[in-house]
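Undergrad: Questions regarding the structure given below will be posed in turn.
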Amino acid sequence: MAVRIFSCVILIVMLLKSTGFSQEPADLLQQAQEYLNRSEYSMVVELLTKALGQIESLLLEEMKTCFPDAPKGWRTDAVNGNIVSTGKGNGIVATRTYYREGGGSSIDIKVETNALRTGNIRAMIMSPSKLQRVDAAMTLATVASRRCLERYDAVDRYGELIFVPTSSVIITFKAFDSKNNDMLHQIAEAMDWSRIEIRFP
């Protein structure tokens with residue numbers, strides 16, 4: 001088991017190194033390999049845990065770079081992010097809020113990786129009949145050249161777009177003012193989709 005885990009983590013770090021990530025996790029894995037060769041498994045587990053923690057932190061920082069800047073007439077805070085337990089291991093939750101200057105309107109972006117609901121949302125995007133059975137208020141749309149779920153509530157002046165760009169990522173855009181629906185699409189278009197699809201397959 002330790003050998004299988006070690007091999008998987010080595011593969012992850014090789015991929016990270018090939019795309020410009022830090023050397024430090026690879027150094028930890030080299031140390032773990034030396035302990036594995038000596039059958040000192042407790043040290044292997046300790047070093048693998050540290051390496052995985054560093055990899056998760058690196059991925060979180062990478063995800064933060066995928067959020068767009070505020071469009072003209074809007075402002076935004078820094079991206080907030082954490083590593084969380086998802087029921088499928090650990091995942092990333094990263095959020096950013098955009099505020100219309102001079103008004104109370106706002107748009108939220110939330111990115112989740114490795115979430116339990118990813119498969120269900122992807123199934124609704126792929127199957128209109130299932131979507132109608134599960135949530136008749138949602139419709140299918142194409143934004144940023146990608147299929148997504150779309151919902152608008154005229155009463156509550158609320159809009160929402162939900163994407164599953166890869167098998168491990170959910171991205172939700174929410175506008176808290178019906179006047180922001182066009183801006184919701186504009187901000188979604190500005191997300192760094194290519195980076196997400198490469199880094200978080």
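Read-outs throughout are calculated quantities, based only on the coordinates presented, and are distinct from any laboratory measurement. Note that the structure is a prediction, hence the values are computed from the model and not measured. Cβ atoms come from the backbone with ideal geometry, glycine included; neighbour counts cover every protein chain shown.
Undergrad: Can you list which of the GluC sites (Glu not before Pro) found in region 40-122 are DSSP loop residues with at most 16 other C-beta atoms within 10 Å? Please report the intermediate quantities before stating the final value.
TA: Numbers: sites: Glu40, Glu46, Glu56, Glu61, Glu62, Glu101, Glu112; in loops: Glu40, Glu101.
Here the sparse-neighbourhood loop sites are Glu40, Glu101.
Undergrad: Using helices alone, what [θ] at 222 nm do you get for the chain, with -39,500 (n - 2.57) per DSSP H run of 4 or more residues, divided over all residues and rounded to the nearest 500? Before the final figure, lay out each step's value.
TA: Working: 7 runs with 88 residues, N = 201.
Calculated from helices alone, the mean residue ellipticity at 222 nm is -14000 deg cm²/dmol.
Undergrad: Once R0 is set to 45 Å, what does the formula 1/(1 + (r/R0)^6) return for the Cβ-Cβ distance between Asn37 and Asn120, expressed as a FRET efficiency to the nearest 0.05? If you can, show how the numbers build up before the last one.
TA: On the way: r = 44 Å, r/R0 = 0.97.
Working from the Cβ atoms, E equals 0.55.
Undergrad: Ok, one more. Please give the charge dipole size of the chain, origin at the Cα centre, charges +1 on K and R Cβ atoms and -1 on D and E Cβ atoms. Round to the nearest 20 debye. Spell out each step's value before the answer.
TA: Values: 23 positive and 23 negative charges, 109 e Å.
Magnitude of the dipole: close to 520 debye.
Undergrad: On to the next question. Semi-axes of the equivalent ellipsoid of region 123-201: what are they in whole Å, largest first, if each equals the square root of 5 times a C-alpha gyration tensor eigenvalue?
TA: Here the semi-axes work out to 21, 18, 9 Å.
Undergrad: Roughly how many nanometres apart are two label points built 7 Å out from the Cα toward the Cβ at Ser167 and Lys64?
TA: Between Ser167 and Lys64, the simple spin-label model gives 2.9 nm.
Undergrad: At a threshold of 8 angstrom on Cα-Cα distance, excluding pairs fewer than six apart, so keeping six or more, what relative contact order does region 68-199 reach in percent? Intermediate values should be presented prior to the final figure.
TA: Working: 241 pairs, mean separation 27.2, N = 132.
Normalised by residue count, the contact order of region 68-199 is 21 percent.
Undergrad: Further question on the same structure: Excluding Ala94 itself, what net charge comes from residues whose Cβ is under 14 Å from its Cβ, given Lys and Arg +1 and Asp and Glu -1?
TA: Working: positive: Lys64, Arg96, Lys110, Arg195, Arg199; negative: Glu56, Glu61, Glu62, Asp77, Asp108, Glu112, Asp192.
That works out to -2.
Undergrad: Which of Ser39, Ser168, Ser85 moves most in a GNM of the chain, Cα contacts under 10 Å?
TA: In the Gaussian network model the winner is Ser39.
Undergrad: Among Asn82, Asn37, Asn120, whose mean-square fluctuation peaks in a Gaussian network model of the chain (Cα, cutoff 10 Å)?
TA: Maximum fluctuation in the GNM of the chain, among the listed residues, is at Asn37.
Undergrad: Given the Cα-Cα distance of Asp27 and Thr95 and 0.36 nm per residue of separation, how much length would full extension add, in nm?
TA: On the way: separation 68, 0.36 × 68 = 24.48 nm, distance 3.10 nm.
Length gained between Asp27 and Thr95: 21.4 nm.
Undergrad: Then there is this: Can you give the longest run of the chain that contains no trypsin sites (Lys or Arg not before Pro) sitting in a DSSP loop with at most 13 other Cβ atoms inside 10 Å?
TA: Details: sites that count: Arg38, Lys72, Lys88, Arg117.
Between exposed loop sites, the widest span is 118-201.
Undergrad: Ranking Val93, Val45 by Cβ neighbours within 10 Å, fewest first, what do you get? Could the numbers behind the result be given before it?
TA: On the way: Val93 19, Val45 15.
Arranged by neighbour count, lowest to highest, Val93, Val45 become Val45, Val93.
Undergrad: I would also like to ask the following. Assuming a ≥ b ≥ c are the square roots of the Cα gyration tensor eigenvalues, decide whether region 68-199 counts as rounded (a/c under 1.5), prolate (otherwise, with a/b larger than b/c) or oblate.
TA: Values: a/c = 1.76, a/b = 1.18, b/c = 1.50.
Judged from the Cα gyration tensor, region 68-199 comes out oblate (a/c at least 1.5, b/c at or above a/b).
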